């Protein structure tokens, strides 16, 4: 039961993404969202299993104690934020911490007989389904959202699916082969539609992680072909260049429905050079004449991030040890009315760098704690990789997990990783999976 709930939740988050995170039901008038409800459910199941077995499911090692310390610190910051009256805003910032519970759940999943391959299949399969959904949405109603055809979070999850599908498994013939290529095409299309050039760093980090994993495991990694991914990316780059050269007869509405050909051309030109409509704001009906827009113009998202990072660093310098706490509005970039956030749950004005956000909210010591958790998990994963490689066992699933970890960890440098439930859940599950990969006596199978 525990393994089923864990895998089903992970696949649902990867497939439905932000829509799944918004699902909720009310308990005595209090909304309980899907991820929070799953934390309660999995926690209750672990308690029941512990009582039944009369022993702890998890073995408490260095990483487990570090995670417990992180959760305890988060609880203290949340209590303080609630005590001084920040209410829902304090709970919003607490999500930076309490989703780390999914790392514990991943550790317990392995202790209870789950495998790395099942985690990889849930993440990759769900991401492919999500890519198909976003592709269908765009084909049914082509549009541009502030210059993007789909939100950026859909692009990063589609990239996870693309890494998982292209790298580890043999291509098969017949309908299975057709279905696999269809999934590859859908994932590539959604990454392209996101027009999110931060993905260039993400894909580079993924490829380096896969190559490092292959080296660490020796030459026994079966069916892993990074050259496939490189070849596919080259093909996508050529297609993007061709689409960018499409002639356009009239200006394009930034936030609104557009002809599909115009949308593809705008997204392509954004990838190649960057086009920001001067004065355009999210939700506006601004138009961009892509016939005259300079391809090398500075993109507004770059200016947004650099200014937000500078302001975040100033706040960290002002309070380096305990941060600003949970609850105070970020408002690191006052444009777009971020200083007048529409609701207490808004992340408007956030630094768009998860690691700076942690340091700003909780102080540098807590950032060091998060770094320690990740380093210990990564060390365990690499140790297991080398051990399995030396033993002649397949390491494909573990190398894929390593690539997915690099994707999300690098994404957090320029975006909202731990602040976004649909990204924080997969990230912490991957951290827990890496940490659990050195469990002795467990049989892990390739995907």
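None of the figures in this text is laboratory data; all of them are computed from the coordinates on show. Please read these numbers as outputs of a predicted model, since none were measured by experiment. Cβ coordinates were reconstructed from backbone atoms using ideal geometry, including for glycine residues, and neighbour counts include every protein chain displayed.
See the values below:
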item: Contour excess over end-to-end distance, with Cα ends at residue 18 and residue 211 and 0.36 nm allotted per residue; result: 66.4 nm
item: Whole-number D in µm²/s for the stretch 358-409 (Stokes-Einstein; Kirkwood sum over Cα pairs; 37 °C, 0.692 mPa s); result: 263
item: Separation of the residue 318 and residue 32 label points, Cα + 7 Å toward Cβ, nm; result: 3.9
item: Computed FRET value (nearest 0.05) for residue 51 with residue 75, which takes r as the C-beta separation and R₀ as 22 Å; result: 0.40
item: Stretchable slack from residue 139 to residue 375, in nm (0.36 nm times residue separation minus alpha-carbon distance); result: 80.8 nm
item: Cα-projected label distance for residue 68 with residue 40, points at 7 Å along beta-carbon direction, nm; result: 2.5
item: The stretch 17-168 - convex hull of the alpha-carbon atoms, volume per residue in Å³; result: 176
